[in-house]
Amino acid sequence: VDRFLVTGDVYRRDEIDSSHYPVFHQMEGVRMFTSDELAMAGLSATDSSEEELVKFAETDLKAGLEGMARELFGDVEMRWVDEYFPFTDPSFELEIFFDGEWMEVLGCGVVHRDIVKEVGRARQPGWAFGLGLERLAMVLFDIPDIRLFWSEDERFHSQFESGKIVKFRPYSKYPPCYKDISFWTTSDEAPEDDFHPNDLYEVVRDVGGDLVEKVELIDDFTHPATGKVSNCFRISYRSMDRSLTNEEVDDMQERVRDLTVEKLGVELR
């Protein structure tokens, strides 16, 4: 097999904002170039240099994915960003300018040479990509928040019909409620900083679920005398379907504070 597409479910801890969700659907593709395809480009897996083979695969990869993006979205603004993935080298992300900011829609790269050798394909060049289907749909249908895909609100679902591409018509926008949480990520007893933001995101997701719109780091402070590190995160609570009450937001925030100390071992400020 020299090429394939596969689609599946992905479950992972991730950032919390309008384009990230802990469950999503991903399509992955791989293409390995045959001897005949290389010969048509004046290349050979045995005689061409490593640099020539990698550049050929990279150029073909980017041209194909840019063409797919234009076919789907028209003349959109896009850019390539250098990235790191363990199975490709070099690696890239394709970002599309959507809703006023750059959004990553796929990761890709030239299949790592060590992997190619390990599976018995010698110096055969190839490329691979993985793209989030929800993010493509967000751009295609102009959907501003990935949480909407899991909404049960008929005002969302009734706008779409199989086989038709329409632009999402926003309905009532309920107000957000902002809550900050600040804590020392290091202490005298634990001077090493083992804290990772994904740990906090998981705690917040467990408590607030889809009522959490965004979590962002707004302050990162190192005490000049003690060297202790303090982080302050702002949590935005907002329902897609109704107004939240102060009481329920306060209750969620208190549980977030308690679990942050219990599970992450940090010291609240």
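The values are calculated or read from the model by the stated rules, or taken from the named source; none is laboratory data. As the structure is a prediction and not an experimental result, all values here were calculated from the model. We place every Cβ from the backbone using ideal geometry, glycine too, and count neighbours over all the protein chains shown. These area figures cover heavy atoms from the full protein model, side chains too; ligands, DNA and RNA do not enter into them. Shrake-Rupley method; radii C 1.70, N 1.55, O 1.52, S 1.80 Å.
Residues of segment 231-266 that are open to solvent by less than 20 Å² (accessible area, probe 1.4 Å), polar (S, T, N, Q) and more than 16 Å from HIS196 (Cβ to Cβ): SER236, SER239, GLN253. Within segment 109-122, residues that are farther than 15 Å from ARG3 by Cβ sit with their Cβ atoms under 7 Å from residues that are open to solvent by less than 60 Å² (accessible area, probe 1.4 Å) and in a loop (DSSP other than H, G, I, E, B), at 6+ positions apart or across chains, in these pairs: ALA122/ALA45.
Take ASP153 and decide whether it is modelled with pLDDT under 90, farther than 25 Å from VAL266 by Cβ and among the acidic types (Asp, Glu). It is true that ASP153 is modelled with pLDDT under 90, farther than 25 Å from VAL266 by Cβ and among the acidic types (Asp, Glu). Is there a residue in segment 12-21 that is open to solvent by 30 Å² or more (accessible area, probe 1.4 Å) and β-branched (Val, Ile, Thr)? Checking segment 12-21: not a single residue is open to solvent by 30 Å² or more (accessible area, probe 1.4 Å) and β-branched (Val, Ile, Thr). Applying the condition of being under 16 Å from LEU217 (Cβ atoms) and open to solvent by 40 Å² or more (accessible area, probe 1.4 Å) to segment 182-197 and asking which residue is modelled with the highest pLDDT yields PRO197.
Scanning segment 86-99 for residues that are more than 16 Å from ARG70 (Cβ to Cβ), open to solvent by 30 Å² or more (accessible area, probe 1.4 Å) and not charged (D, E, K, R), we see that the one that is farthest from the chain's Cα centre (by Cα) is PRO90. Within segment 52-66, take every residue that is closer than 13 Å to GLY126 by Cα and either of a type in the set (A, V, I, L, M) or modelled with pLDDT under 95 (or both) and give me the one that is surrounded by the fewest Cβ atoms within 10 Å (Cβ to Cβ). Top of the filtered list is VAL54. Answer with yes or no whether ARG155 is open to solvent by 60 Å² or more (accessible area, probe 1.4 Å) and under 30 Å from ALA57 (Cβ atoms). Against the criterion (open to solvent by 60 Å² or more (accessible area, probe 1.4 Å) and under 30 Å from ALA57 (Cβ atoms)), ARG155 does not qualify. Here PHE33 passes the criteria (1) under 31 Å from the mean Cα position of the chain (by Cα); (2) among the hydrophobic types (A, V, I, L, M, F, W, C); (3) loosely packed, with under 15 Cβ neighbours inside 10 Å except the one numbered (3).
Against the numbered list (1) open to solvent by less than 60 Å² (accessible area, probe 1.4 Å); (2) touching a Ser or Thr at 6+ places or on another chain (Cβ under 6 Å), GLU83 comes up short only at (1). Where helices (runs of 4 or more DSSP H) sit wholly within segment 100-212, those with at least 3 residues that are under 20 Å from the mean Cα position of the chain (by Cα) and closer than 27 Å to ARG238 by Cα occupy 133-141, 197-208. Just to be sure before I move on: is THR59 of a type in the set (Ser, Thr, Tyr) and assigned to a helix (DSSP H, G or I) in the structure I sent? For THR59, the condition - of a type in the set (Ser, Thr, Tyr) and assigned to a helix (DSSP H, G or I) - is met. Of all residues in segment 245-263, none that is aromatic (Phe, Trp, Tyr) and at pLDDT 95 or above has its Cβ atom under 6 Å from the Cβ atom of a residue that is loosely packed, with under 13 Cβ neighbours inside 10 Å and not in a helix (DSSP H, G or I), 6 or more apart or on another chain. The residue of segment 37-86 that is nearest to VAL116 (Cα to Cα), among those that are free of Cβ contacts under 8 Å to residues at least 60 places away in the same chain and touching a Gly at 6+ places or on another chain (Cβ under 8 Å), is PHE85.
Residue-by-condition table, conditions (1) modelled with pLDDT under 90; (2) among the charged types (D, E, K, R); (3) farther than 28 Å from PHE85 by Cα:
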{"residue": "CYS177", "(1), (2), (3)": "no, no, yes"}
{"residue": "GLU202", "(1), (2), (3)": "no, yes, no"}
{"residue": "GLU213", "(1), (2), (3)": "no, yes, no"}
{"residue": "THR226", "(1), (2), (3)": "yes, no, yes"}
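Just checking, does segment 114-125 include any residue being buried (at least 16 other Cβ atoms within 10 Å of the Cβ), closer than 30 Å to GLY42 by Cα and touching a Leu at 6+ places or on another chain (Cβ under 6 Å)? Looking through segment 114-125, at least one residue is buried (at least 16 other Cβ atoms within 10 Å of the Cβ), closer than 30 Å to GLY42 by Cα and touching a Leu at 6+ places or on another chain (Cβ under 6 Å).
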